[in-house]
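Below you'll find the structure, written out as structure tokens, and then a few comments.
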Amino acid sequence: MGKDSLALAIRTFLNRQIKGNRGWYQDETQAAYLGLAEEAQESLVQRITMKHEDSRFPVFWGPNFDWIPDQDHGGNLLKALQAMMIQSAGDSILLMPAWPKDWDVDFRLHSTNKTIVEGSFKNGTIDFQVDPPERKDFVKLMMN
């Protein structure tokens with residue numbers, strides 16, 4: 001988001017040869033970095049609902065490529081969720097660049113330059129505070 005070659009990056013992503021949202025694949029994170037909220041949401045939901053049927057705990061994903069539990073799967077899930085909510089571009093903080101409009105969330109996010117953005121997104125409306133307050137001008141709301 002916020003780069004000159006965004007259109008080229010989106011075309012490249014949409015035409016990629018290898019696609020995936022399990023294990024170490026990072027499609028939903030890449031979609032979030034491109035501002036593709038719908039693609040990120042769909043892929044993230046699929047990733048979250050995958051489960052190893054023989055495991056007691058629902059977050060024991062895998063085996064995707066090598067073992068159970070698959071930590072890559074969960075790590076990429078968390079990275080995608082964070083990239084959907086917040087990204088940094090230089091000194092700027094991009095807030096909700098790929099967040100689905102129909103998902104409500106309360107958040108407390110740590111970003112660049114010791115900045116914390118805290119708030120909620122409910123029914124399509126966002127309310128947030130920035131700490132330290134002098135960093136508020138660096139936060140750019142990027143709702144799709």
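The values are calculated or read from the model by the stated rules, or taken from the named source; none is laboratory data. Only a predicted model underlies this, so the values are computations on that prediction, with no experimental measurement involved. Cβ atoms come from the backbone with ideal geometry, glycine included; neighbour counts cover every protein chain shown. In case anyone asks, the SASA skips ligands and DNA or RNA and just uses the protein heavy atoms, side chains included. Shrake-Rupley method; radii C 1.70, N 1.55, O 1.52, S 1.80 Å.
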Only listed residue being closer than 21 Å to Leu34 by Cα, surrounded by fewer than 13 Cβ atoms within 10 Å (Cβ to Cβ) and in contact with a helix residue (DSSP H, G or I) (Cβ under 7 Å, 6 or more places away or on another chain), chosen from Asp102, Asp91:
Asp91
Can you pull out the residues in segment 25-49 that are open to solvent by less than 30 Å² (accessible area, probe 1.4 Å) and closer than 19 Å to Arg11 by Cβ?
Asp27, Glu28, Thr29, Ala31, Ala32, Leu34, Gly35, Leu36, Ala37, Ala40, Ser43
If I filter segment 117-144 down to residues being assigned to a helix (DSSP H, G or I) and acidic (Asp, Glu), which single residue comes out as farthest from the chain's Cα centre (by Cα)?
Glu134
Taking segment 44-76 only, how many residues are without any contact (Cβ under 8 Å) to a residue 40 or more places away in the chain and either in a helix (DSSP H, G or I) or under 13 Å from Gly20 (Cα atoms) (or both)?
9
Within segment 70-88, the count of residues that are of a type in the set (S, T, N, Q) and either more than 11 Å from the chain's Cα centre (by Cα) or closer than 13 Å to Leu34 by Cα (or both) comes to 3
Looking at (1) over 29 Å from Asp127 (Cα atoms); (2) open to solvent by less than 80 Å² (accessible area, probe 1.4 Å), can you tell me which one Asn15 breaks?
(2)
Can you tell me how many residues in segment 65-88 are touching a Gly at 6+ places or on another chain (Cβ under 7 Å) and surrounded by fewer than 18 Cβ atoms within 10 Å (Cβ to Cβ)?
3
Given (1) open to solvent by less than 80 Å² (accessible area, probe 1.4 Å); (2) part of a loop (DSSP other than H, G, I, E, B), Asp4 misses just (1)
Can you report the number of residues in segment 88-116 which are touching a residue at least 40 places away in the same chain (Cβ under 8 Å) and part of a strand (DSSP E or B)?
5
